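Throughout, read-outs are computed from the coordinates displayed, never taken from laboratory work. What you are looking at is a predicted structure, and each value in this text was computed from that prediction instead of being measured. Glycine gets a Cβ as well: all are built from the backbone with ideal geometry, and neighbour counts include every protein chain shown.
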């Protein structure tokens, strides 16, 4: 049976079914255009005060891969929207595949992985890579290179799953490394709560620089995501296009893993 001309099935399957691209992918002006896991933060980190004891080769590689993929996105031109719909994480498509088209289950798995390397614009990738650069090196230092890579990818997949559970009927593709980076931030929150983060804070039309304890910086960031994520479920205006529950899920999974594996260290960090 021929699949319907919707974004529920992979692009290749739709082409084989004879669906016209115009009936499958909305125009740039539609509400279903590519959204992203945008970093919603009023706190802009500049650096922390914890030096790395090893070269964070995995963190640097992840930053490099994200930048290369973004440059490739820029080269796609009008094909970018198709690319995002195919390789972004579309909650309704995954739900449809799981319950109605299990032969395409591999597409669901691929999109959970590939979506974390796509970005929706310059500010999106710059913000994400800034957070990853500042917090990722120390977490890699603590976990080791291989475990950090697995942790990062696992946090990204878990973050996408959290967004899917929160909005299972959404046809909008979720893209961005924010969920994986939120996992890194959750790990940093427990591993280095007493470190200081040099932070740029916009106050009206002025910018002030403060040194803020990491436990306050990251704790406040998480509370903002949770507050706005709750409004997104309620359908509040202004929350569209931001995957708050990917941030919440990634942070929770990252912190949870660290607590389960390094509980003694965490208790000592907060007991000092």
Simple spin-label estimate for residue 46/residue 68, 7 Å along Cα→Cβ, in nm, reads 3.3 nm
Per principal axis, largest first, the Cα atoms of the range 158-223 extend in Å by 41, 34, 18
Rounded to one decimal in nm, the spacing of the 7 Å Cα→Cβ label points at residue 105 and residue 203 is 5.6 nm
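Could you work out how much longer the chain between residue 122 and residue 78 gets when fully extended? Use 0.36 nm per residue separation minus the Cα distance between them, nm to one decimal.
The span from residue 122 to residue 78 would gain 14.1 nm if fully extended.
Over the alpha-carbon set of the range 114-193, divide Rg by the Kirkwood Rh and report the Rg/Rh ratio to two decimals.
Numbers: Rg = 13.0 Å, Rh = 13.1 Å.
For the range 114-193, the value is 0.99.
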If the chain between residue 57 and residue 230 were fully extended at 0.36 nm per residue, the gain over the current Cα-Cα distance would be 58.6 nm
Quick calc, residue 171 & residue 147: beta-carbon distance into FRET formula, R0 30 Å, rounding 0.05, result 0.25
Taking a ≥ b ≥ c as the square roots of the Cα gyration tensor eigenvalues, with a/c under 1.5 meaning rounded and otherwise prolate when a/b beats b/c or oblate if not, the range 81-240 comes out prolate
